[in-house]
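Report on the structure given below.
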Amino acid sequence: MQNKATSHPKPKRRRLLMAAAALGAGALTTLNALAQSKTVLRISSPAVPDDWHAKMWTVFKDSLDKSAPGEFDVQINLNATLFKQGAESAAMARGNLELATLSAFDIAKFVPEFSVFTAGYMVRDPAQQQKIFQGPIGAEMFKAVAEKMDVTPLATAYLGTRQLNLREVRSVKTPADLKGVKLRMPGSKEWLFLGEALGATATPLAFGEVYLGLKTGTIDGQDNPLPSVRAAKFYEVTKQIVLTSHLVDSLFITISNKALAALTPTQRQKVMAAAQAAAQYNNDNRIKEESQLLEFFRKEGLQVSTPDLDAFHKVVQLRYQNSDYAKAWPPGLVERINAVR
C-alpha cells in the first residue's frame with residue numbers, strides 16, 4: 001500500500017517549489033532581457049590575429065566596454081570567417097554587418113572621386129594622411145561615401161607606405177631611372193597604371209609567385225610596405241630597398257548607416273571614440289614597426305636608398321592628372337590635398 005504522506009508534496013512544500021520555479025523563470029527572463037538589450041556590433045575583417053589591423057579591434061571593444069559597460073555586444077570575426085574580403089561593403093549596406101574596414105580601392109568602386117586616394121604621391125606620409133581625413137576634405141569625402149554606399153567611415157587607419165624592392169642594385173633618382181625595370185604589381189588596371197607612372201614596366205603577377213619571380217629574374221622588383229617585404233622574405237632574393245614612398249595606403253573603420261541610425265547620440269559618440277582609439281593604436285604600432293625595419297634590411301645585406309622624391313612626385317601626379325581617373329576628381333581637390341600640411 002502506497003504511503004500517502006510521500007505520494008504528493010505537502011501544500012506548503014508545493015507552494016515553495018512553485019515559488020522557486022517562478023523565481024527561476026523570472027531570473028531567466030531577466031537575463032534574457034539583459035542579453036537582448038545589448039546592441040550587437042558584428043565586425044568582419046580579413047586580417048590575421050597577429051596583424052595590427054586585427055589587434056585594433058580588441059582596442060575598439062575594450063574602449064566600448066569601458067565607456068559604455070553592458071551596452072554593446074562586440075563580436076570580432078577575423079580571417080574573413082564572417083564575410084569574404086571585398087564583400088563587407090555590400091553586407092553593411094544590406095544591414096547584415098555592422099562594422100568592417102574598407103580600403104580606398106574598395107570605396108572608389110562606388111564613389112569614383114575617392115580614387116584620388118589610390119593615386120601615387122597623393123598623400124605624403126601618415127601625418128598628412130590623418131590631417132586630410134580629419135579635416136574638411138575628409139568630411140566631404142566621407143559624406144559622399146555615406147550617401148552612395150550606406151556606410152559611414154569613422155576613422156582612418158594607416159595601412160602602410162609602399163616602397164620599391166629590387167633584385168639588383170641600381171641608381172634610382174627619378175622615374176626615368178626605372179625604365180625597363182619589370183616591376184611586379186597586383187593585376188588590376190589601377191595598380192598597373194601606378195607601376196607605369198613610376199617609370200617601370202608594370203608586370204602583373206600573383207603575390208604567391210613573387211618570391212620565385214624575383215629569384216629567377218622573371219621580374220626585376222616588386223612594391224609593398226616594408227612589413228610585407230619581411231613577412232614574405234623578399235629580402236632573401238633582393239638587394240635593394242628604394243624608399244619611393246609612392247603610396248601611403250589607408251583602411252577606413254566603417255559602420256553601416258543602419259547600425260549608426262539605431263544608436264543614441266551618446267552611443268554614437270562612444271562608438272566614434274572607440275574607432276578613433278583603435279585607429280590610433282594601429283597607426284602608432286605600424287609606424288614604429290616600419291621605422292625599425294630599415295635596420296633589419298641593412299643587417300640582411302640590402303642597400304637602402306632614397307631617390308629624388310620631388311621628381312617622383314611631380315612626374316607621377318602629372319601622369320594621373322592627364323588620365324581618365326582624374327576626370328572623376330572634383331576640380332581643385334588635388335591642389336587642396338597638396339596644401340594640407
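Just to be sure I understand, how many residues within region 255-266 are assigned to a helix (DSSP H, G or I) and under 22 Å from residue 91 (Cα atoms)?
Within region 255-266, the first condition is being assigned to a helix (DSSP H, G or I), and the residues that meet it are 257-261, 265-266.
Applying the additional criterion that residues be under 22 Å from residue 91 (Cα atoms) yields 257-261.
Counting residues in region 255-266 that are assigned to a helix (DSSP H, G or I) and under 22 Å from residue 91 (Cα atoms) gives 5.
A quick yes/no check of all residues on (1) polar (S, T, N, Q); (2) farther than 30 Å from residue 147 by Cβ; (3) under 25 Å from the mean Cα position of the chain (by Cα):
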site: 196; (1), (2), (3): no, yes, no
site: 199; (1), (2), (3): no, yes, no
site: 205; (1), (2), (3): no, yes, yes
site: 222; (1), (2), (3): yes, yes, yes
site: 252; (1), (2), (3): no, no, yes
For this session: Enumerate the pairs (first residue in region 96-108 and among the polar types (S, T, N, Q); second residue anywhere and in a loop (DSSP other than H, G, I, E, B)) with beta-carbon separation below 9 Å, excluding pairs fewer than 6 apart on the same chain, so at least 6 apart or on different chains.
Result: 96/83; 101/45; 101/46; 101/47
For this session: Say whether the condition of being at negative phi, touching a strand residue (DSSP E or B) at 6+ places or on another chain (Cβ under 8 Å) and aliphatic (A, V, I, L, M) is met by at least one residue in region 109-117.
Result: no
For this session: Could you grab me the full set of residues in region 103-130 that are surrounded by 22 or more Cβ atoms within 10 Å (Cβ to Cβ) and among the hydrophobic types (A, V, I, L, M, F, W, C)?
Result: 104, 107, 114, 116, 117, 119, 122, 123
Problem set entry | Matching residues, region 301-341, being over 26 Å from the mean Cα position of the chain (by Cα), of a type in the set (Val, Ile, Thr) and not in a helix (DSSP H, G or I) | 304, 306
Seminar exercise, completed: Within region 141-161, the count of residues that are closer than 17 Å to residue 118 by Cα and of a type in the set (D, E, K, R) comes to 0
Problem set entry | Residues of region 34-60 classified as in contact (Cβ under 8 Å) with a residue 60 or more places away in the chain and basic (Lys, Arg), total | 1
Exercise. Of the numbered conditions (1) at negative phi; (2) crowded, with 21+ Cβ neighbours inside 10 Å; (3) not acidic (Asp, Glu), residue 160 satisfies every one except a single condition; which is it?
Worked result: (1)
Exercise. Pairs under 9 Å by beta carbon, first residue on the phi > 0 side of the Ramachandran plot in region 135-156, partner in a helix (DSSP H, G or I) and basic (Lys, Arg), six or more apart or different chains?
Worked result: 150/94; 150/258
For this session: Give the number of residues within region 228-245 that are surrounded by fewer than 16 Cβ atoms within 10 Å (Cβ to Cβ) and assigned to a helix (DSSP H, G or I).
Result: 2
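For residue 170, state whether it is surrounded by fewer than 22 Cβ atoms within 10 Å (Cβ to Cβ) and of a type in the set (Lys, Arg). First the steps, then the outcome.
Details: surrounded by fewer than 22 Cβ atoms within 10 Å (Cβ to Cβ): yes; of a type in the set (Lys, Arg): yes.
So residue 170 fits the description; yes.
Taking only region 197-225 into account, find how many residues are outside any strand (DSSP E or B), acidic (Asp, Glu) and in contact (Cβ under 8 Å) with a residue 40 or more places away in the chain. Talk me through it step by step, then tell me what you get.
Kept after step one, since they are outside any strand (DSSP E or B), are these residues of region 197-225: 197-200, 205-220.
Now restrict to residues that are acidic (Asp, Glu): 209, 220.
Still in the list and also in contact (Cβ under 8 Å) with a residue 40 or more places away in the chain: 220.
Here the count works out to 1.
Residues that are in a helix (DSSP H, G or I), within 22 Å of the chain's Cα centre (by Cα) and under 30 Å from residue 39 (Cα atoms): does region 287-300 have at least one? Show your work before the answer.
Taking region 287-300 and keeping what is in a helix (DSSP H, G or I), we get 287-299.
Still in the running and within 22 Å of the chain's Cα centre (by Cα): 287-293.
Now drop any that are not under 30 Å from residue 39 (Cα atoms), which leaves none.
Scanning region 287-300, I find no residue that is in a helix (DSSP H, G or I), within 22 Å of the chain's Cα centre (by Cα) and under 30 Å from residue 39 (Cα atoms), so the answer is no.
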Exercise. Within region 232-264, can you find the residues that are out of contact with any Gly (no Cβ under 7 Å at 6 or more places or on another chain), hydroxyl-bearing (Ser, Thr, Tyr) and under 25 Å from residue 129 (Cβ atoms)?
Worked result: 244, 245, 250, 254
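All of the numbers you see were taken from the coordinates with simple rules; none came from a lab. This one's a predicted model, so the numbers in the text were calculated from it and none came from an experiment. Every residue, glycine as well, gets a Cβ built from its backbone with ideal geometry; the counts of neighbours run over all protein chains shown.
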